[in-house]
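Worksheet for the structure shown next.
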Amino acid sequence: MRNDKILLCLACVLCFLGLVAIYSVDPAREAGWSMQSFFGRQFFWNVFGWSLFIFFALIDYRVLVKLGWLWYFLLLLALGAVLVFGESDETGARRWIFSQSVQPSEFAKIILPLFLSFYLSKNRENIPSYALLLKSGFWVFLPVGLIFLEPDLGTSLVLLVVWLGMLFISGFGRNHFALVGLGLGGIGAVGWSFLKDYQKERLFTFLDPWKDPLGSGYNVLQSQIAIGAGGLGGQGWLSGKQSQLRFLPARHTDFIFASWCEQMGFLGGVALILLLGFFIWIMIRIARHAPDLEGKLLASLFGVIFVFQVLVNVGMNMGVMPVTGIPLPFVSYGGSALVVNVAIVGLLYNIANSGRKKVAKCRFRWDYQQ
Amino acid sequence: MIWDEKISEEIQHRLTVFGWICFLIFTLLVVRLWYLSVFQEEWYKEKSERNWLRIIPLQALRGSIYDRYGKVLAEDLPRFRLVLLEGSMDVKEAQRKVKEILGEEIGFQVKDMSPGEKVLIEDLPLEKVIKIEERREELPGILVESYSHRFYPAEEVLAHVIGYVGRITAEELKNLSSSGYEVWDTVGKGGIELFYESLLRGEKGYRKVGVDALGRVRSVLEHSPARLRNSLVLTVDLEFQEYCYHLLQGKRGTIIVGRPTGEILVLASQPSFDPNTLSGGLTTQEWSRLVQSEKRPFTNRATQALYPPGSIFKLVVALAGLEEKVISARTSFSCPGFLEYSGKRYYCWNRAGHGSVNVERALAHSCNVFFYNVALALGPEKIVQYAQKFGLGTPSGLDIPGEKASLLPTPLWKRQNQREMWYPGDTLNLAIGQGYLLMTPFEVYRLLCGVATRGKIYRPHFLQAVLNREGKLIREVTPVLEREVNLRGETWDLLLKGMELVVTQGTGYACRDVPVNIAAKTGTAQNPHGKDHSWFGGFFPVDQPRVVFLVMLENSGDGSGEAAHAARRLIDWFLKYRGLTDEER
Ligand SMILES: [Zn+2]
């Protein structure tokens, strides 16, 4: 099967599993297929997202990449608006605009890769150079800083990792990374003083959750208990004390993996992980076969985003990563994230399609060269 | 182009490395998942088991008690308290938050309630309840809970009949645990509350909450409110009871008024206690002060105190004498003021003597000498036998607990209990209701009932009807004929005539000029510890008795005095406010 078709199938299956998982822990399940229930809303977002998919799959990604600056400044504008007019959520962080329906930091996950592939392909002569490293770093740190100020530690980390991924994929060397390490270390030391107490707490409790089992360690422990209680085969669909009796916090968003594992067990969990892994493998294949630098960079940056999110989210569910509020792609409840993820699939599908045509040509040329 | 290709090559290489990194990441995730859910499954399963449901019981709603006209005698009033579900918050923190919301200092009375709940504040005023309910989002794990508080509007007036409620004791729990009682339950502790516990007891509610391994309440899963089951209607007439209770004011004694067929309208006993303070929970100190009080306020003087009945007992002697034909209507004895028997003088209360008296005059003037003679002719066994025919000496089955039975002494009893032989003087004492004879005022009242109905003994009762949850009548108590004393009509006629003469000519002059014919008997019981006890009992109207009454006042002297006057006032009150025909308002 061709990459684009497999990608599409995997994304659909993941979205479906997400709906299933959200349904199983929906606190408003009785409301049925309406906007009152979480799975009802997620379904709506799926419909909306997949219509966006058509748009992104049809428009040539190179057109979108060429508009890099436009996206970038729109992003800065939206993030600025969040800081000025933003609405707070229950943790006191201002992340939302338009009455808690849109989370602009989520869109950074699609815009930053677009911008970076644009910026790098434009300056491809300077790869790899210290000047480019610093300049790209500057452009990345603007939105990352704004998101960090919201504060949204998780997303700013994701974007930072996108930049690091870009440096790595595009071939920056050891010395460059040493410099980056130094720089991030310095910034980290400064940033630590800006961290809110609850964020510091989260980072600490990650190290030893039993230190404060009722407080900040609570989530981590409950999700591990949920996964452990699932055992090999799980407690069954719609059962499991942890998720059904609501011991597990954020069981339809950040900790959906744990509630999934409690119900479906080790086997269900592995199946989900393998699906995600397979999805990322396809993304890497698309990147490898992309016809141009823009496509290669774009696809691989999306790959970096996905891997990082999966790693952090699943890791946090299993108590090996700090609780940072990063959702599980396609599966966690959340409209903005889903729409962005489906749009990314659209772009990848787009790249895979154009890649297919070019690859034929390349191969011909390659044969010819040999 | 050369740039492109060089970069492309590098990128392909880096992508391969990236692929391996991803492979490594996913392998590690799977390994960790295996570690948690397969390798350490047991440990986490056990942790999850300890995340479980907790059932928090809600105190049952107790049935109300009404008087015959629907006036409330006891009811559960809603009160509010602030409850902290344990584990959801620290008590200190909860107190701080509540204070913050109420915006003022408030006294906390933190105490354990049922398992899993702590009371923060009892009896929270309504405006504070509203304040807290408005901001309940900020107080997870803190609930405003309504609970019932037993309220007795009649206070002391009816305390001995109604009783009171209290926290179940360890001993009660042992006996009742099979019927689903638990440590924190409230049960009836006396009177109607205790006797009809099974009817009054409500249905308990409960709240099911999910609690996690760490003891925190995560969610309220189910809530079933407490409900009441039955309410009781008593035969008591609260207004009349209040009047009679206040007639006793400042005295020790009792007034019983009822129907000859068993309904009891009034049972007042002084001194009394306020059941509200008992149900509110007394301190040990207050409790022992009440119990040890010399006035013995908890003793129901109608059913739990034994007194010599004095001359009222002459009714039994007269009946026995007439029925056994020891005397007849024409039998007369001469009373010189005393009876000389085996060299000893036994005096009449009137040392001047009554002259020649027949049975009617003897009753009317309560002549001791006449009854000495009758008693000597009958012998103590016969007298006691007649008393027993009326059910005296055995508890009547009245529906309040703790009823005592009279002591009817016989030679056999004396031999067994006093290790002494029976002297003729004992018989003479028995004839006038003195000596070893002890009766509860309630048994004297039952005797009067038996006389009023000419020997039909109905079971006395307070319960008139049982209502269900919706207030519909589900059971009504009808008169139960317990036993019948079959005597000749002539015997009854003579006795009633004599009792009528008590009022019209004799010692019951206080009740003269009442628009109905009253049959009554006075009693003056000598009391070795102080002034005589004063008795006055009877019924009216004579030809068709509707009301039986008995007044007993400790240490109040002559029965024709204070007791008779109190009786007169209650008869007047009854005729004025209730009447004989239109009494069932
Ligand atoms: Zn005499």
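General remarks:
- Annotation for the stretch A:272-295: at least one member residue is among the β-branched types (Val, Ile, Thr), open to solvent by 10 Å² or more (accessible area, probe 1.4 Å) and closer than 30 Å to A:Leu67 by Cβ.
- First in the stretch A:305-330 and in contact (Cβ under 8 Å) with a residue 24 or more places away in the chain and at the interface with chain B (Cβ under 8 Å from one of its Cβ atoms), second anywhere and open to solvent by 10 Å² or more (accessible area, probe 1.4 Å) and part of a loop (DSSP other than H, G, I, E, B), Cβ under 9 Å, 6 or more apart: A:Val314/A:Val320; A:Val314/A:Met321
- For the stretch B:466-522, the set of residues classified as among the charged types (D, E, K, R) and more than 24 Å from B:Tyr69 (Cβ to Cβ) consists of B:Glu482, B:Arg483, B:Glu484, B:Arg488, B:Glu490, B:Asp493, B:Lys497, B:Glu500, B:Arg512, B:Asp513, B:Lys521, listed by residue number.
- Close Cβ contacts (under 6 Å, 6 or more residues apart or on different chains) running from residues in the stretch B:136-165 that are acidic (Asp, Glu) to residues that are in a loop (DSSP other than H, G, I, E, B) comprise B:Glu155/B:Asp274; B:Glu156/B:Ser272; B:Glu156/B:Asp274.
- Restricting attention to the stretch B:173-191, the residues being touching a strand residue (DSSP E or B) at 6+ places or on another chain (Cβ under 6 Å) and either within 20 Å of B:Leu265 (Cβ to Cβ) or open to solvent by 20 Å² or more (accessible area, probe 1.4 Å) (or both) number 2.
- Selected residue (criterion: farthest from the ligand (Cβ to nearest atom)) from residues of the stretch B:361-387 that are within 24 Å of B:Gly506 (Cα to Cα) and in a loop (DSSP other than H, G, I, E, B): B:Ser366
- Residue count for the stretch A:146-159 satisfying the condition of being open to solvent by less than 30 Å² (accessible area, probe 1.4 Å) and not hydroxyl-bearing (Ser, Thr, Tyr): 7.
- Qualifying residue in the stretch A:320-336 (condition: part of a helix (DSSP H, G or I) and within 30 Å of A:Ile127 (Cβ to Cβ)): no
- Helices (runs of 4 or more DSSP H) within the stretch A:1-118 that include 3 or more residues at pLDDT below 90 and closer than 17 Å to A:Leu142 by Cβ: A:68-85
- Every residue from the stretch A:160-199 that is within 14 Å of chain B (Cβ to nearest Cβ) and open to solvent by 60 Å² or more (accessible area, probe 1.4 Å): A:Arg174, A:Phe177
- Within the stretch B:16-32, being over 24 Å from A:Gly265 (Cβ atoms) and aromatic (Phe, Trp, Tyr) holds for B:Phe18, B:Trp20.
- Restricting the first member to the stretch B:347-367 and to residues that are under 18 Å from B:Leu430 (Cβ atoms), and the second to residues that are at pLDDT below 90, the beta-carbon pairs closer than 6 Å and six or more apart or on different chains are B:Ser366/B:Thr507.
- Test: residue in the stretch B:400-407 that is under 30 Å from B:Ile264 (Cβ atoms) and buried (at least 22 other Cβ atoms within 10 Å of the Cβ): yes
- So B:Lys344, is it on the phi < 0 side of the Ramachandran plot, away from the ligand (no atom under 16 Å from the Cβ), loosely packed, with under 15 Cβ neighbours inside 10 Å and not β-branched (Val, Ile, Thr): yes
- Hits in the stretch B:318-339 - residues which are more than 16 Å from the ligand (Cβ to nearest atom) and buried (at least 17 other Cβ atoms within 10 Å of the Cβ): B:Leu319, B:Ala320, B:Leu322, B:Glu323, B:Glu324, B:Val326
- Unmet requirement for B:Ser311, which otherwise passes all of (1) within 15 Å of the ligand (Cβ to nearest atom); (2) touching a residue at least 60 places away in the same chain (Cβ under 8 Å); (3) open to solvent by 30 Å² or more (accessible area, probe 1.4 Å); (4) under 30 Å from B:Phe442 (Cβ atoms): (3)
- Checklist (1) away from the ligand (no atom under 16 Å from the Cβ); (2) open to solvent by less than 40 Å² (accessible area, probe 1.4 Å); (3) part of a loop (DSSP other than H, G, I, E, B); (4) of a type outside the set (Lys, Arg) applied to B:Ala268, failing item: (3)
- Residue in the stretch A:247-258 that is touching a His at 6+ places or on another chain (Cβ under 9 Å), more than 8 Å from chain B (Cβ to nearest Cβ) and polar (S, T, N, Q) present: no
- Test for A:Gly295: is it at the interface with chain B (Cβ under 8 Å from one of its Cβ atoms) and in a helix (DSSP H, G or I): no
- Within the stretch B:30-48, no residue that is more than 7 Å from every other protein chain (Cβ to nearest Cβ) sits with its Cβ atom under 7 Å from a residue that is assigned to a helix (DSSP H, G or I) at 6+ positions apart or across chains.
- B:Ser396 vs. criteria in the same structural domain as B:Ile264 (by TED's automatic domain parsing) and under 30 Å from B:Tyr164 (Cα atoms): yes
- Any hit, the stretch B:373-396, residues being touching a Phe, Trp or Tyr at 6+ places or on another chain (Cβ under 9 Å), open to solvent by 10 Å² or more (accessible area, probe 1.4 Å) and closer than 16 Å to B:Gly523 by Cβ: no
- Count of the stretch B:347-357 residues which are open to solvent by 40 Å² or more (accessible area, probe 1.4 Å) and either on the phi > 0 side of the Ramachandran plot or more than 8 Å from the ligand (Cβ to nearest atom) (or both): 4
- Single condition B:Met552 does not satisfy, out of (1) farther than 22 Å from B:Val236 by Cβ; (2) not in a helix (DSSP H, G or I): (1)
The values are calculated or read from the model by the stated rules, or taken from the named source; none is laboratory data. None of the values given here were measured: they were computed from a predicted structure. When we count neighbours, we look across all protein chains shown, and the Cβ atoms used for this are built from the backbone with ideal geometry, even at glycine. Accessible surface areas use protein heavy atoms only, side chains included; no ligands, DNA or RNA. Shrake-Rupley method; radii C 1.70, N 1.55, O 1.52, S 1.80 Å.
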